[in-house]
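Right, one structure below, let's go through it.
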Amino acid sequence: MHMSNESLLIIVLVGIVAGWLAGKIVRGTGFGIIGDLLVGIVGAFIGDWFLPRLGINLGAGVVSAIVNATLGAILLLLVVRLLGGAGGWRRRW
């Protein structure tokens, strides 16, 4: 499989945006640029695998990729929070 530089750049940008959005939604803040990127890319894989099994198809394009990755990242963060508790995250009153 050959991936162009533009494709790699799009994947990285989608990962950063999705990770940042998921961090804002679940935690209230982001995880930093590297943390957002990792959460977003893993979330994209989760969303790409899980959403079609639920019968949810978001279409094609960058916006749908961001929504898909964000939903997967939110699911990832919620599962981590359930399994690990609030652990390293500061509790908010």
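The values are calculated or read from the model by the stated rules, or taken from the named source; none is laboratory data. Keep in mind it's a predicted model, so treat the numbers as computed, not measured. Glycine gets a Cβ as well: all are built from the backbone with ideal geometry, and neighbour counts include every protein chain shown. Surface accessibility is based on the protein's heavy atoms, side chains included, excluding ligands, DNA and RNA. Shrake-Rupley method; radii C 1.70, N 1.55, O 1.52, S 1.80 Å.
Here are the numbers:
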item: Enumeration of residues in the stretch 47-56 that are touching a residue at least 12 places away in the same chain (Cβ under 8 Å) and farther than 20 Å from S7 by Cβ; result: F50, L51
item: Close pairs from the stretch 58-77: first free of Cβ contacts under 8 Å to residues at least 12 places away in the same chain, partner open to solvent by less than 40 Å² (accessible area, probe 1.4 Å) and of a type outside the set (A, V, I, L, M, F, W, C), Cβ under 6 Å, at least 6 apart; result: L58/S64; L58/N68
item: Pairs where the first residue, in the stretch 20-39, is over 12 Å from L77 (Cβ atoms) and of a type in the set (V, I, T) and the second is open to solvent by 20 Å² or more (accessible area, probe 1.4 Å) and assigned to a helix (DSSP H, G or I), C-beta under 9 Å, 6+ apart; result: I33/I16; I33/W20
